[in-house]
């Protein structure tokens, strides 16, 4: 996700290769899917509902902070990913005592129902400097449910699918190779049936991901990713410590990467006609080096930041 979000601030989005756009488009579904799975894991650890409510409020406030103080936007209006995750933290635990198959039905309902609504491709972002009277309640509701960056329909369905799949992981373990094969087949179907010419100009506000909007084909792609991710969780892999550290501090890194793409990466932006690969490489790698520095800094002091004298800092950055 941090790579996908960085691209428009380094280079003209129209020059993003199709295969790279596919890779970029996997990040958000995986992030949301794992959010649903983490809710299921927390429920297994006997976390009370109030824990999820507090966590949801925390993430919601961080989302507001990012919109207001980094992007100078009215909060919630564009329904960015943290608002979706904060909602899922409050909503999905309510499904804990429902039959697992019915949970799947609910997830698929959210995932597929968005095809019935009219999608507004152009997303209007209201800056804080705009008058409050410019805030349109109908547009706000539409963005939350249908038109925003990550609206409830269909993205809440992705989190619910992650919650469901983690709940049946014992079944997945027994058939992990078959499930992996099905997932790869679904992704292959998406890639082979996608019309590269048709989607060449399908960039939303400069971002390169292919899920604006989430059409039927991309829904198949999401299901494929979901099956692959849940099957891979049951394979043995080498212990890549730095990746584990990224995962343990993903929310602070999400906050920091927003700061970097707003204030740091635009310093290196290049047009198509004046493009230098050395500048691009320096910018991209330095971006990851800075993020990795903060990953190591936060993870090495995790206990102090979460539970020690800096606990208030931990709350502010999403730990």
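Rule-based calculations on the coordinates, nothing more; no lab input. As the structure is a computational prediction, the values presented were derived from the model and not from experiment. Here the Cβ positions follow ideal geometry from the backbone for every residue, glycine too, while neighbour counts run over all protein chains shown.
When the Gaussian network model of the chain links Cα atoms closer than 10 Å, the mean-square fluctuations of 308, 148, 63 top out at 308.
Comparing mean-square fluctuations of 206, 224, 183 from a GNM of the chain with C-alpha springs under 10 Å, the top value falls on 206. Based on alpha-carbon centroids, what's the gap between the range 245-282 and the range 151-185 in Å, whole number please? Each part reduced to its Cα centre gives a spacing of 31 Å. Remark: spin-label model distance residue 61-residue 168 equals 3.8 nm, labels positioned 7 Å along the Cα→Cβ axis. Here, the chain yields an orientationally averaged convex hull projection of 17.9 nm² when only Cα atoms define the hull.
Using only alpha carbon pairs under 8 Å that are at least six residues apart, calculate the relative contact order of the chain and give it in whole percent.
Details: 390 pairs, mean separation 84.8, N = 319.
Rounded, it is 27 percent for the chain.
Percent relative contact order of the range 241-319, based on C-alpha pairs within less than 8 angstrom and at least six residues apart?
Working: 41 pairs, mean separation 33.4, N = 79.
In percent, rounded to a whole number, it is 42.
How high is the FRET efficiency between residue 274 and residue 315 when r is their beta carbon distance and R₀ equals 41 Å, given to the nearest 0.05? Plugging the Cβ-Cβ distance into 1/(1 + (r/R0)^6) gives 0.40. Springs join every pair of Cα atoms under 10 Å in this Gaussian network model of the chain, and among 297, 260, 108 the largest mean-square fluctuation is at 297. Altogether, the Stokes-Einstein calculation at 37 °C and 0.692 mPa s, with the Kirkwood radius of the range 6-106 over Cα pairs as Rh, returns a diffusion coefficient of 208 µm²/s. Site pair residue 115 and residue 193 shows an inter-label distance of 0.9 nm when each label is modelled 7 Å from Cα along Cα→Cβ. Over all pairs of different C-alpha atoms in the range 241-319, the reciprocal of the mean inverse distance, the Kirkwood hydrodynamic radius, equals 13.9 Å.
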